[in-house]
Structure formats: structure tokens, C-alpha cells
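The values are calculated or read from the model by the stated rules, or taken from the named source; none is laboratory data. All values derive from a computational prediction rather than experimental measurement. Glycine also receives a Cβ, built like all others from the backbone with ideal geometry; neighbour counts cover every protein chain displayed. In case anyone asks, the SASA skips ligands and DNA or RNA and just uses the protein heavy atoms, side chains included. Shrake-Rupley method; radii C 1.70, N 1.55, O 1.52, S 1.80 Å.
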Amino acid sequence: MNKNVKLSQKRWLYLMPIIFITYSLAYLDRANYGFAAADGIDKDLGITKNISSLIGALFFLGYFFFQVPGAVYAVKRSVRKLVFVSLLLWGALAAATGLVANIPMLMIIRFTLGVVEAAVMPAMLIFISNWFTKGERSRANTFLILGNPVTVLWMSILSGYLIQAWGWREMFIIEGIPAVAWAFFWWWAVRDKPSQVSWLSESEKRDLEQAMAAEQQDIKPVKNYREAFTSRNVICLCLVHVFWSIGVYGFMMWMPSIIKAGANRDIVSVGWLAAVPYLAAIVLMLIVSTLSDKIQNRKLFVWPLLLVAGLAFTGSWLLGSDSFWISYGLLILAAACMYAPYGPFFALIPELLPKSVAGVSMGLINSFGALGAFTGAWLVGLLNGLTGNPSLSFVLMAVSLFVSVAIMYSVRPEIKQDGKSVTAIGAKA
């Protein structure tokens with residue numbers, strides 16, 4: 001393909017709002033449990049601190065088991081169909097959380113919600129890899145993952161007001177309805193591949209197809225999923241995502257409870273304070289994704305930021321409970337630096353693996369992230385409940401991030417050279 005050919009920008013205008021809103025709704029319906037836990041659900045259902053942390057984490061256990069099957073379906077069948085059904089089911093389950101009468105019912109719903117949402121992240125990453133090139137993918141992934149901090153930002157404020165006005169039950173019901181409605185818009189608006197749409201010209205489709213094919217030429221060929229899953233880089237990226245997610249989801253799930261205990265504020269004030277770290281994350285994510293696509297060195301925008309996040313949690317631990325506002329500032333820094341690397345990280349995977357196995361490998365890597373998310377959400381809640389303060393939780397999240405930094409630094413791409421595959425020690429990744 002001629003490198004001077006400019007690919008259609010209509011893809012950004014048409015697809016990015018849809019991608020962003022879809023993933024935003026997924027995050028809304030998984031993260032609002034933290035607000036219910038901070039204000040009423042434990043007391044109403046008789047949930048102990050230990051059980052509360054387990055319930056908060058059960059979502060990620062269901063999420064872990066069904067990532068790879070969902071990715072396989074998305075690759076072999078249809079992202080469009082998979083996400084449509086998932087939207088309907090997760091919206092219904094999220095709303096049903098507001099109707100629970102006992103602990104077993106709540107556990108079943110949280111686990112099943114994780115199962116239903118499991119396919120969404122890898123499916124959307126596969127969808128992006130079908131529509132956006134290597135030079136665009138970090139920004140495209142970031143617009144997808146921005147659905148996380150942007151949603152938690154406005155959800156933190158909205159959920160605080162909904163709980164204050166009506167209660168946690170009504171919050172779940174009201175916040176579950178939009179996903180069901182959005183499913184029908186998704187079905188109408190989205191197609192799996194560029195060749196299936198009418199809003200691109202034939203020449204625009206051809207240019208995009210040629211650009212995608214050209215990117216595959218220098219990637220080491222992989223025979224099958226087994227070879228991909230057992231490759232050194234995939235194993236390393238799985239481990240990176242495990243330890244990284246312990247920090248991210250331990251923080252996200254229990255941030256409202258940590259703030260409420262430390263600042264001694266009402267739930268509406270907690271919502272506003274919990275929103276600020278995600279505003280910082282949004283700004284840094286946009287900056288990092290743009291630089292990553294420009295410089296084309298993905299690792300440079302992953303491990304250093306995770307290192308800073310780990311140091312910020314360490315600082316919060318050292319300060320203890322005597323300096324809430326300084327500790328809160330460090331938590332804002334930690335949140336921004338944990339979220340910012342997502343775009344470059346997921347852009348790296350299709351650059352290390354051929355298209356035939358990259359999509360399902362992303363599902364495997366994200367499933368290990370879900371395992372880390374389960375561990376983080378459970379252990380942080382457990383430690384907070386046992387000790388009455390977040391100090392040990394900060395240690396856990398800091399150590400986990402430091403481990404992910406060490407593993408990420410060791411990732412190296414393999415490329416074809418004179419018909420043979422070699423590890424590119426000095427190559428950008």
C-alpha cells in the first residue's frame with residue numbers, strides 16, 4: 001500500500017461514540033456496587049465485612065472464566081451479535097440487583113453479571129483491530145477504555161444523589177435500564193467489518209484492507225492458539241495484567257468506602273471526591289495514547305506509569321490516616337497512572353501476534369486481568385474490613401504494581417528476519 005494514502009476519518013466520527021458509550025454502560029453496571037456497599041446494602045441484607053468483599057469480587061470470577069470463549073465467538077462469528085445479547089442481559093441483571101432479598105441471590109446475580117460482561121472487552125478490542133491500523137490503535141483503544149474512568153466519574157456523582165434521594169435499590173434499577181435500550185441502537189448502527197458498511201466508499205474500504213494486510217507482514221507467524229498462549233510474551237502480558245488489575249480494581253471497587261472512612265463525609269460528598277481521580281485519569285489517558293501512537297514505543301508508556309502509581313500508593317501508606325488530603329492527592333496520581341497505560345498496552349498485543357490469534361489472545365490476557373481484579377477487589381475489601389483502615393490495602397496495591405512493572409519491562413517483540421523469527425531486543429514495543 002502507498003504510505004501516502006490517507007485512510008478515512010469517518011471511522012472515528014461514526015464508530016468511536018458507539019464504542020465509548022457501549023463500554024461506559026458496562027462499567028456503570030459493574031462499578032456501582034461500591035456505592036451500595038458504602039451506604040446501606042450491607043446493613044439491609046445482613047452482610048458481614050468478609051462477605052461484602054467476596055460479593056464485590058464475585059463479578060470478576062465470572063468475568064475470568066468466560067473471556068476466552070467470548071473472544072473465540074467474536075473472532076469466528078460476530079462481535080455485533082455477541083455485544084447485542086450481552087447488553088440486553090447485563091442491563092437486566094444490573095437492574096435485578098435492586099430487587100434482591102438475600103445474600104445468595106445477590107451472589108448469583110453478581111457472578112452472572114460477570115459472565116455476561118466477560119465477552120465485551122475482548123470483543124470490542126477485536127472490533128477495533130478490524131477497523132483501525134497500528135498507528136491509530138492506541139488512541140482507539142483509549143477511547144474504548146475511557147468508558148471506565150469517564151463512567152466512574154459521572155457515576156460517582158449520580159449514584160450518590162440517587163442513593164440519597166431514593167436508596168441503593170432504586171439506584172441499581174435506574175442505572176440498569178440504559179444498557180437494555182442501547183442494545184437496539186447498537187444492533188441498528190454497527191457492522192462487524194468495513195466491507196459490510198455503506199458509509200465507506202469502495203476505495204476507502206480497499207485502502208483500509210490493504211493497510212491492515214501490510215501490518216501483518218513482519219509479525220512472527222503462529223500456528224494455532226496453543227502456540228500463542230504458551231509464547232513467552234503472552235505469558236508475560238497475562239502476568240502483567242494480573243498484578244496491574246489488583247491495583248486498579250482494588251482501588252475502583254473500594255474507593256468510595258476508603259474516602260468515606262477517611263474524610264467522614266456524606267455519600268454525596270463522597271461521590272464528588274471519588275470522581276476527581278477519574279478526571280485526572282481521563283486527561284492523562286488522552287495524552288499518553290497520542291504520544292504512544294506518535295512515538296510507536298508502547299512499553300515506554302506502560303511500565304513507567306505503573307511504577308509511579310505504585311510509588312503513590314506507597315506514599316499513601318507511609319502517611320497513614322493523619323494526612324487525608326495529601327494521601328487523597330496521591331490517590332489521584334495513582335488512579336491517573338494506573339489507567340493511562342491501557343491504550344498502549346492493548347495496542348501492543350496485535351503488534352506482537354498475527355491477526356489469526358491476536359483477538360483470542362487478547363481475551364486470554366484480559367481474563368487474567370479479571371483474575372487480578374477478583375483478587376484485588378476481594379483482598380482490599382477484606383483488609384479494609386479486618387483492619388478498619390486502608391493502610392495494608394495500599395501496600396498490597398503498591399507491591400502488585402511493582403511486580404507488573406518488572407514483568408512488563410521484560411516483554412520483547414519477535415519479528416521475521418530472512419524467513420526466521422528472532423527476538424528483537426532493541427526493537428520498540
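Starting from the residue with the highest accessible area, list 154, 254, 272 in decreasing order, probe 1.4 Å.
Ranking 154, 254, 272 by accessible area, largest first, yields 272, 154, 254.
For a label point 7 Å from the Cα of residue 133 along Cα→C-beta, name the residues of the range 4-44 whose backbone N is under 20 Å from it.
Inside the label zone: 4-16.
Simple spin-label model, 7 Å along Cα-to-Cβ: residue 410 to residue 199 in nm?
Reported label-point gap for residue 410 and residue 199 is 4.5 nm.
With θ taken as phi - 60° and the coefficients 6.51, -1.76 and 1.60, list the Karplus ³J(HN,Hα) couplings across the range 126-133 in order, rounded to whole Hz; mark glycine and proline as x.
Each residue's phi maps through the Karplus curve to give 5, 4, 4, 5, 7, 10, 10, 7 Hz.
Ignoring everything except DSSP H segments at least 4 long, calculate the 222 nm mean residue ellipticity for the chain; use -39,500 (n - 2.57) per segment, divide by total residues, nearest 500.
Only helices count here, giving -26000 deg cm²/dmol.
Can you work out the base-10 log of I(q)/I(0) for the range 324-405 at q = 0.11, 0.22, 0.23 1/Å, using the Debye formula on its C-alpha atoms alone?
The Debye formula, applied to the Cα set alone, gives -0.41, -1.15, -1.20.
Debye sum, Cα scatterers, the chain, no solvent: what log₁₀ I/I(0) at q = 0.09, 0.11, 0.12, 0.14 1/Å?
For the requested q values the scattering log ratios are -0.53, -0.79, -0.94, -1.28.
Hey, could you pull the Cα Rg and Dmax for the range 150-213, both in Å?
Cα radius of gyration and Dmax of the range 150-213 are 19.7, 55 Å respectively.
Going by alpha carbons, how many degrees (0 to 90, nearest 10) lie between the helix axis of 134-145 and the longest principal axis of the chain?
Between helix and principal axis, roughly 20 degrees.
Need the full-extension length gain, residue 235 to residue 14, defined as separation in residues times 0.36 nm minus the C-alpha distance. One decimal, nm.
76.1 nm
Angle check, please: helix 79-96 long axis (alpha carbons) against the longest principal axis of the chain (alpha carbons), in degrees 0 to 90, nearest 10.
Roughly 0 degrees between the two axes.
Assign unit charges at the C-beta atoms only (+1 for Lys and Arg, -1 for Asp and Glu), then state the dipole size of the chain relative to its Cα centre in Debye, rounded to the nearest 20.
Around 1160 debye, computed over the chain.
Read phi for every residue in the range 48-65 and hand back ³J(HN,Hα) as whole Hz from Karplus 6.51 cos²θ - 1.76 cosθ + 1.60, θ = phi - 60°, with x for Gly and Pro.
Karplus-based 3J(HN,Hα) across the range 48-65 equals 7, 4, 5, 5, 4, 5, 5, 4, x, 8, 4, 3, 6, 5, x, 4, 5, 6 Hz.
Could you tell me what percent of the accessible area of the range 279-421 is made up of carbon and sulfur, with a 1.4 Å probe and every protein chain present?
C and S fraction of accessible area: 71 percent.
Per 5 Å bin from zero, what fraction in whole % of the C-alpha pairs of the range 93-156 is there, up to the bin with the longest pair?
Taking all Cα pairs of the range 93-156, the binned fractions are 4, 15, 17, 16, 17, 13, 9, 5, 3, 1, 0 percent.
Can you flag which of 260/294; 205/294; 81/205; 76/205; 134/260 are past 31 Å Cα-Cα?
260/294; 134/260
Restricting to Cα pairs below 8 Å that are 6+ residues apart, what does the relative contact order work out to for the range 122-198? Please round to a whole percent.
Across the range 122-198, relative contact order equals 36 percent.
Taking 0.36 nm per intervening residue step and subtracting the Cα-Cα distance, what contour gain separates residue 387 from residue 213 on full extension?
Value of the extension gain: 57.2 nm.
Can you find, among 399, 167, 238, the residue sitting farthest towards the positive end of the charge dipole of the chain, where Lys and Arg contribute +1 and Asp and Glu -1 at Cβ?
Going by the charge dipole, the pick is 238.
Of 345, 108, 249, whose Cα points farthest to the positive end of the dipole of the chain (charges on the beta-carbon: +1 Lys, Arg; -1 Asp, Glu; origin at the Cα centre)?
Of the options given, the answer is 345.
Using the Cα gyration tensor of the range 253-328, with a ≥ b ≥ c the square roots of its eigenvalues, what is the shape: rounded (a/c below 1.5), prolate (a/b larger than b/c) or oblate (neither)?
oblate
Give the cross-link partners of residue 10 among the aspartates and glutamates, using a straight C-alpha distance below 18 Å as the criterion and excluding same-chain residues fewer than 8 apart.
Residue 10 reaches 136, 192, 202, 204, 207, 209.
Residues of the range 97-133 with amide nitrogen under 15 Å from the 7 Å Cα-to-Cβ point of residue 85?
115-120, 123
Rounded to the nearest 10 Å², what accessible area does residue 190 show when all protein chains are kept and the probe is 1.4 Å?
0 Å²
Expressed in nm to one decimal, what extension gain is obtained for the pair residue 187 and residue 297 from 0.36 nm per residue of sequence separation less their Cα-Cα distance?
Here the answer is 36.0 nm.
Compute the angle between helix 10-31 and the longest alpha-carbon principal axis of the chain, please, reported from 0 to 90 degrees and rounded to the nearest 10.
Its long axis makes an angle of about 30 degrees.
For the chain, what does the accessible surface come to per residue with a 1.4 Å probe? Please give it in Å².
39 Å²
Per-residue HN-Hα couplings for the range 146-158, Karplus 6.51 cos²θ - 1.76 cosθ + 1.60 at θ = phi - 60°, whole Hz, x for Gly and Pro?
Running phi through 6.51 cos²θ - 1.76 cosθ + 1.60 with θ = phi - 60° gives 4, x, 5, x, 4, 5, 5, 4, 6, 5, 4, 6, 4 Hz.
Find the percent of Cα-Cα distances in the range 9-65 that exceed 16 Å, and round it to a whole number.
More than 16 Å apart: 58 percent of the Cα pairs in the range 9-65.
Once ligands and nucleic acids are excluded and a 1.4 Å probe is used, how much of residue 322 is accessible, expressed in Å² to the nearest 10?
140 Å²
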